[in-house]
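In what follows, a single structure is set out as structure tokens and then discussed.
We did not get these values from a lab; they are worked out from the coordinates using the rules stated. Being a predicted model, the structure only gives us computed values, none of them experimental. No Cβ is skipped: glycine too gets one built from the backbone with ideal geometry, and neighbour counts run over all protein chains shown.
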Amino acid sequence: MASLLQAATAALTQFQTNQTDYDGVEFWSNPERTGWLMKQGEYFKTWRRRWFVLKRGKLFWFKDSMVTRDSKPRGVIPVATCLTVKGAEDLLNKQYAFELSTRTDTMYFIADSEKEKEDWINSIGRSIVQHSESVTDSEIVDYDSKR
């Protein structure tokens, strides 16, 4: 029983977000994308509904949608570390599922609709390209600009 408690405590400690991961990013103001997604827990593989905010190359998640300056993210994914974002409905056998992969991890999400899923995949994909360390500024294409 003691080892289970130690493992749970270690998992919780490791799960808590390091403030340097989001220091300087005003996630409460003018995010690139926000919305509800289901996310599978990192240590306990249950599905949880969280409010996600994409801003300046970071994907934050919160317990509720009332995000303010004083809010503390439950976690953050630096999008520059991500390699791919793609649909995962066949893999998970869940409608509107998608995955986000880094070199070491694959995280799964479930959107509320097909449109939401596609919008998240497009937004995260665009952010991966814009914040990737392997892409130079001259290679970035802004598909949303009206130039």
| segment 35-67 residues near the modelled LYS86 label - backbone nitrogen below 16 Å, point 7 Å along Cα→Cβ | none
| Based on the mean of other beta carbon atoms within 10 Å per residue, what is the order of 117-124, 53-60, 84-91, most packed first? | 53-60, 117-124, 84-91
| message | Sort 75-81, 93-99 by the packing proxy (mean of other Cβ within 10 Å over each peptide's residues), most packed first. | response | 75-81, 93-99
| said: How much length would be gained if the chain were fully extended between ARG69 and ASN93, taking 0.36 nm per residue of separation minus their Cα-Cα distance, in nm to one decimal? | reply: 4.9 nm
| request: Collect residues whose amide H, placed 1.01 Å from N in the peptide plane, falls under 5 Å from the amide H of ARG33; neighbours closer than 5 in sequence don't count. | output: LEU54
| remark: Between the modelled labels at ASN122 and ARG56 (7 Å from Cα along Cα→Cβ) the distance in nm is 2.6 nm
| field | Amide proton proximity set for GLY75, modelled H, under 5 Å, gap of 5+ | value | TRP61
| field | Cα-based convex hull, segment 56-103, per residue volume (Å³, whole number) | value | 108 Å³
| task | For a label point 7 Å from the Cα of ASP105 along Cα→C-beta, name the residues of segment 55-96 whose backbone N is under 17 Å from it. | result | 55, 57-63, 73-86
| Whole-Hz couplings from phi, Karplus 6.51/-1.76/1.60, listed for segment 61-73; x for Gly and Pro | 9, 9, 6, 9, 8, 7, 8, 10, 4, 8, 5, 10, x
| query | In whole angstrom, and with the biggest value first, how far do the Cα coordinates of segment 15-123 range along each principal axis? | reply | 38, 28, 24
